[in-house]
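Student: The structure's right below; bear with me while I get my questions together.
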Ligand SMILES: *[C@@H]1O[C@H](CO)[C@@H](O)[C@H](O)[C@H]1NC(C)=O
């Protein structure tokens, strides 16, 4: 407990020093500092919170959904120290998994979403509505380890992805409880008031997903859902070796899009959304932009998915990856 809080104090202290160095502009790092701040005075890091709320083997696809986004944000450059992965069940090690320690997005089995270096931060029965809300709002117990904390501030862009069984205005957590659209709206409001984000990209793949962002009323939130009110979100690729559907359509086509993109991409959120094909997804994805201040055609994917903090000065100041 002491160690954890000392570590975070030390990090804050280094951060303050970094800011002072930046402000004075006199350090030998001047050139890097200039790059760092070019066009992004108010945006210094990206975080991802990826949540699969389902348990049990027949929900394999929900874990594959969350791991698809995990693969994507890691490929683009967000380090594990800035990714909070919540998985209610571990399909990779399920005795019914004919391919132990692997999770696939497609029967051709070319992409192993589980791989060798998945870091799960909240697992099993830790994936609760309460823990999710506490994570977002920063109301965690004092002895909570660093990997279970969302250490964001008003310069952080946060990608929040959720998947599981849901319906109009709710998402089930492990068949035992539900989060509703007001709960999430309230958590985002608290986050805004506590200066815990600059912008949020909220994405959800569940039935009637678009109802889940309907209650948001805080600034700078871009929301995307997989299906409209009254509509199911459909699964994809029944795998006869596994006996289950491996992924959901909406997330699969997001993954497919991202697989063609790398961290040097200049593609925008508008490009991603334009690529949604309802005849393939078989539901109507929704996009809510009224709370979001920027033009989607000028909002780069990397503004959320990229390694904004991947600049010499800051990576030296934060030895990310070693903190866990
Ligand atoms: C959407 O997918 C269908 C089925 O593959 C295809 O025929 C159609 O051309 C696609 N539409 C667009 C706009 O790409």
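All of the numbers you see were taken from the coordinates with simple rules; none came from a lab. Treat the numbers as computed from the prediction; the structure is a model and nothing was measured. Backbone-built Cβ (ideal geometry, glycine too); neighbour counts: all protein chains shown.
Student: How much length, in nm to one decimal, is gained on full extension between residue 123 and residue 168, taken as 0.36 nm per residue of separation minus their Cα-Cα distance?
Tutor: Roughly 13.6 nm would be gained on extension.
Student: Still on this structure, please answer the following. Over the stretch 43-305, what is the mean sequence separation of C-alpha contacts under 8 Å (at least six apart), divided by residue count, expressed as relative contact order in percent?
Tutor: Working: 584 pairs, mean separation 56.6, N = 263.
Dividing the mean separation by the residue count of the stretch 43-305 yields 22 percent.
Student: Okay, next question. Which whole-number percent gives the relative contact order of the stretch 92-169, counting Cα pairs below 8 Å spaced six or more residues apart?
Tutor: 15 percent
Student: Tell me, what is the FRET efficiency for residue 296 and residue 57 to the nearest 0.05, using R0 = 41 angstrom and their Cβ-Cβ distance as r?
Tutor: Computed FRET efficiency for residue 296 and residue 57: 0.60.
Student: Right, another one. At residue 234 and residue 190, where each label point lies 7 Å from the Cα along Cα→Cβ, what is the point-to-point distance in nanometres?
Tutor: Each label point is offset 7 Å from its Cα along the Cβ direction, giving 3.9 nm.
Student: Here's a follow-up. For residue 277 and residue 214, what does the FRET efficiency come to when R0 = 30 Å and r is the distance between their Cβ atoms, rounded to the nearest 0.05?
Tutor: Efficiency, from the Cβ-Cβ distance: 0.80.
Student: Moving to a separate point now. May I have the convex hull volume per residue, in Å³, for the Cα set of the stretch 88-180?
Tutor: Spread over its residues, the Cα hull of the stretch 88-180 gives 162 Å³ apiece.
Student: For the stretch 30-171, treating each Cα as an identical point scatterer without solvent, what Debye log10 I(q)/I(0) comes out at q = 0.09, 0.20, 0.21 1/Å?
Tutor: Taken in order of the listed q values, log10 I(q)/I(0) reads -0.32, -1.23, -1.31.
Student: With a point put 7 Å past each Cα toward its Cβ, work out how far residue 96 is from residue 110 in nm, to one decimal.
Tutor: Here the modelled spin labels are 2.9 nm apart.
Student: Roughly how far apart, in whole Å, are the Cα centres of the stretch 62-109 and the stretch 234-305?
Tutor: 17 Å
Student: What percentage of all Cα-Cα pairs in the stretch 43-305 are separated by more than 29 Å?
Tutor: 23 percent
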